[in-house]
Amino acid sequence: MHGEYKVPGGKLVVVDVEVEDGVLRHPRVAGDFFLEPDEALDAVNRALEGAPAGTDATGLAARIDAALPEGTVMYGLTSQGVGVAVRRALAQAADWADYEWQLIHDGPQSPALHMALDEVLTAEVAAGLRPPTLRVWEWGAPAVIIGSFQSLRNEVDAEAAARHGIEVVRRISGGGAMLVAPRGHYVLSA
């Protein structure tokens, strides 16, 4: 089984692992990260060996942290990132149709709540805590949603938005500004 994870602000972590009798066997961690001392990589692989296959990413990270030699330095890599890559490997999904999807369709919500839910659900999917999720947005109020890297001052006339009762909210993902009104939209976290 093969899993990959791009550590936020870091590097790619790749894990190949097998499962025998409900435990991890023959884990091999690789990637474009830097890890010192050299024997730390062997310690990571040994920490994963024999772990129950149902262990979540945080539990795997704890095993790794406990096994690392004193003074280990990770560049572009985290123990949690290795745990997430393992969980992705165990999902054994190669195509969207291979996943069990969750649909969430609640009634209208405030724009700020929608953006908060997007952040939480996306983080949970990324950590392997929930399946890929399709969530239908129904807006309780009009809003301008700006991308995570957009300049509020350059994208939105905040005074005009306030005058017209339009809330301005930033989302965690990139992209352009969106004007939304009370009607349905959808967001896909996969």
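Just so it is clear, none of the values below were taken in a lab; they were calculated from the coordinates. Small disclaimer: the values here were computed from a predicted structure and weren't measured. Neighbour counts run over all protein chains shown; Cβ positions are idealised from the backbone, glycine included.
When all alpha carbon pairs of the range 102-189 are counted in 5 Å bins from zero, the resulting P(r) reads 3, 14, 23, 24, 18, 10, 5, 2, 0 %. Among H105, H114, the ranking by other beta carbons within 10 Å of each residue's beta carbon, starting with the fewest, stands as H105, H114. For the range 25-36, backbone phi angles converted through the Karplus equation (6.51, -1.76, 1.60; θ = phi - 60°) give residue-by-residue couplings of 9, 6, x, 9, 9, 8, x, 9, 8, 10, 9, 10 Hz, Gly and Pro being listed as x. Rounded to the nearest 10 degrees, the inclination of helix 111-126 to the longest alpha-carbon principal axis of the chain is 20 degrees. For Q109, the amide hydrogen comes within under 5 Å of the amide hydrogens of E138, W139, G140, counting only partners 5 or more places away or on other chains and with H modelled in the peptide plane. Compute the helix-to-body angle for 79-91: its Cα long axis versus the longest principal axis of the chain, expressed 0 to 90° and rounded to tens. With both axes taken from Cα atoms, the answer is about 90 degrees.
What is the log10 of I(q)/I(0) for the chain, computed with the Debye formula using one identical point scatterer on each Cα and no solvent, at q = 0.07, 0.10, 0.13, 0.17 Å⁻¹? Taken in order of the listed q values, log10 I(q)/I(0) reads -0.28, -0.54, -0.78, -1.02. Computed from the Cβ-Cβ distance with R0 of 25 Å, the FRET efficiency linking E119 to D157 stands at 0.45. The angle between the Cα long axis of helix 39-48 and the main principal axis of the chain comes to about 80°, on a 0 to 90 degree scale. Once the Cα-Cα distance is subtracted from the 0.36 nm per residue extended length, the V136 to T58 segment shows a gain of 25.2 nm. With contributions of -39500 (n - 2.57) from each DSSP H run of at least four residues, the per-residue ellipticity at 222 nm computed over the chain stands at -9500 deg cm²/dmol. For the pair E18 and Q102, the difference between a 0.36 nm per residue extended length and the Cα-Cα distance amounts to 27.6 nm.
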